[in-house]
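What follows is a single structure, written as structure tokens, with notes after it.
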Amino acid sequence: MKHSFIDQYSNRDSLIHRLDPRSKLVATLAFIAAVALTPSAGWLVYCLYFIIIAALILLSRVPLLYISRRSLVIIPFVLLVAIFIPFFKEGEVAFGFNIWAWHLSLTHNGLQLLWSILAKSWLSILSLILLTSTTGFASLLKGLEQLRMPRVMVMLLSFMYRYIFLLTDEVMRMKQARDSRNFGGKRLRQMSIVGNMIGTLFIRSYERGERVYAAMVSRGFDGHSRTLDRLHFSRLDTCFITAIILVLVCINLFNLYY
Amino acid sequence: MHIPDGFLSAAAVGTTYIISAGGVANAVRVTKEKIGEKHIPMMGILAAFVFAAQMLNFPVAGGTSGHVIGAALVAILLGPWAALIIMSVVLIAQCLIFQDGGLMALGANIFNMGIIAGFGAHYLYRFIGMILGGNSRSKMVAGFVAAWGSVLLASIACALELALSGTSPVAVVLPAMAGIHAIIGIGEGLITVAVLSMVMATRADLLRLQRV
């Protein structure tokens, strides 16, 4: 099976890995919300946030290179959207230049907004990466269920998670078969081949779904899943949550009054 | 088109979360009514299918490659409510496993790629099918337009959310997003047509499933 890219590093051991998934979820949500609510260009506050997340990342002992490479996932969207920001905001002009018949000018306000959005989205993504690379998906789901996420959604997600690996393998096999038969030719032909592959994948998935359901019904499935709950909220979790929330509140109070 | 955290204002986050949560809750109710407790394993596995199908890249212009979103495909094959469930499960997993799309922006992403893309594709497919009649060629045309339209509509919704959040002025972000996705959508349309014609040739009964 070639699925080592899914929740890599989540089964290592560190202080962060040992925390209850619920406390990590709540802390991540609080952190992202605090980052989102910080007014733009609060550079000092962004630095403080960065120090918190960097300390937690160091504690978790997840490789730094992995985390920084992972955080690049936001780049395409950032480029798509943020690149327009500096050009079209009103305000004092920082510098301007001419390209052919276009006169473009960057304003201070626009640049400030761009850097703030970049900083915010990078901080948020770091905290999400930390959450998912220290928590296995199964325990994340258990945590979500205890935090009152609807049961149906949790069951759907856990079903999906179970079959991602099988279907990923299926896709890899199909890709291998295709590539060993020389995947070339015109673009339209390549597209129709990919279309056929997806069609085959759909039919196989659908039939697998029916077989799985039949197997479940014959074993007494009635629309509910019953699992053993083995999560426990330790003193460490209480300390962690209290510390994180206190720090976030302090940072924001500090930012309000100074 | 997965919006990361930091791009949306609190108002946009709140509004899209409320709409998406309501939509997903209703989708769960509707599918449960129509297909019973079978919907849980089925939707879960089909969500894994969309996830896996997105791993299949095809060449786009200039050495880049793209993949399908799949919202239109599942909306045509299984109906818009089923598509909404499947896409939201996929988007939650993408956010939590690959950080593709932010946690605060999840509501907006489900709104764009689940509600707008799914229902847009469903109604476009039905509308064009009604105009052109029910033969297989018109179904292919309808499938292409529905898939292309779903990408375009989702990108317009995404652009409007960004504009309302004050991230980028509407006069800039709307034509830019819609223009780029009008081109990307051609790939989605062609692949969707290829999938539909393949399913029609081999398992035509799957095209006559009860839609939810």
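The values are calculated or read from the model by the stated rules, or taken from the named source; none is laboratory data. Here the structure is a predicted model, which is why all the values come from computation and not from measurement. For neighbour counting, all protein chains shown are included, and Cβ atoms are generated from backbone atoms with ideal geometry for every residue, glycine included. Ligands, DNA and RNA are excluded from the accessible area calculation, which covers all protein heavy atoms including side chains. Shrake-Rupley method; radii C 1.70, N 1.55, O 1.52, S 1.80 Å.
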Which net charge results for the neighbourhood of B:Ile76, defined as the other residues with beta-carbon distances under 14 angstrom from its beta-carbon, given Lys and Arg at +1 and Asp and Glu at -1?
-> +3
From the residues A:Leu167, A:Val194, A:Ala214, which one has its Cα farthest along the dipole of region A:150-227 in the positive direction, the dipole being from +1 and -1 charges on Cβ of Lys/Arg and Asp/Glu about the Cα centre?
-> A:Val194
Sort region B:1-53 into rounded, prolate or oblate with this rule: let a ≥ b ≥ c be the square roots of the eigenvalues of the Cα gyration tensor; rounded if a/c is under 1.5, and if a/c is not under 1.5, prolate when a/b is larger than b/c, oblate otherwise.
-> oblate
Once you charge only the Cβ atoms, +1 for Lys and Arg and -1 for Asp and Glu, what is the size of the charge dipole of the protein assembly as shown about its Cα centre, to the nearest 20 debye?
-> 1300
Relative contact order (percent, whole number), chain B, Cα cutoff 8 Å, 6+ residue spacing | 27
Lys/Arg +1, Asp/Glu -1 at C-beta; the protein assembly as shown dipole; positive extreme among A:Pro39, A:Ser121, B:Ala48 = B:Ala48
When B and A pair up, the total accessible heavy-atom area removed from solvent (1.4 Å probe), in Å² to nearest 100, is 6600
Looking only at other chains, what is the average number of their beta-carbon atoms within 10 angstrom of each beta-carbon in B:166-177?
-> 4
Let me know the shape class of region A:104-258, please: from the alpha-carbon gyration tensor, a ≥ b ≥ c as square roots of the eigenvalues, rounded when a/c is under 1.5, otherwise prolate if a/b is greater than b/c, or oblate.
-> oblate
Descending packing, highest mean Cβ count within 10 Å first, for B:69-81, A:141-153 is B:69-81, A:141-153
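Translational diffusion coefficient, Stokes-Einstein: compute it for region A:150-227 using the Kirkwood radius over C-alpha pairs as Rh, at 10 °C and 1.306 mPa s, and state it as an integer in µm² s⁻¹.
On the way: Rh = 14.9 Å.
The Stokes-Einstein estimate is 107 µm²/s.
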Region B:10-208 accessible area per residue, 1.4 Å probe, protein heavy atoms, integer Å², reads 34
Find, to one decimal place in angstroms, the Kirkwood hydrodynamic radius of the protein assembly as shown, where the mean of 1/r is taken over every pair of different Cα atoms and then inverted.
-> 23.5
Quantify how strongly other chains surround peptide B:76-88 by giving the mean number of their Cβ atoms within 10 Å of each of its Cβ atoms.
-> 1
Let me know the Rg and Dmax you get for chain B when you use only its Cα atoms, in Å.
-> 16.7, 49
Of A:Lys120/A:Lys142; A:Lys120/A:Lys175; A:Lys24/A:Lys175, which pairs sit farther than 30 Å apart, going by alpha carbon to alpha carbon?
-> A:Lys120/A:Lys175; A:Lys24/A:Lys175
For peptide B:26-38, the mean count of other chain Cβ atoms within 10 Å per residue Cβ is 2
Sequence order, region B:42-58: Karplus ³J(HN,Hα) from phi using 6.51 cos²θ - 1.76 cosθ + 1.60, θ = phi - 60°, Hz rounded, Gly and Pro as x, gives 5, 5, x, 5, 6, 5, 4, 4, 4, 4, 6, 5, 6, 7, 8, 8, 10
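Would you mind telling me the share, in percent, of accessible area of region A:150-227 contributed by carbon and sulfur at probe 1.4 angstrom?
About 52 percent, which is the carbon plus sulfur part of the accessible surface.
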For region A:128-142, just list the computed ³J(HN,Hα) in residue order, Karplus coefficients 6.51, -1.76 and 1.60, θ = phi - 60°, integers in Hz, with x standing in for Gly and Pro.
-> 5, 5, 4, 4, 7, 8, 10, 9, x, 4, 4, 6, 4, 5, 4
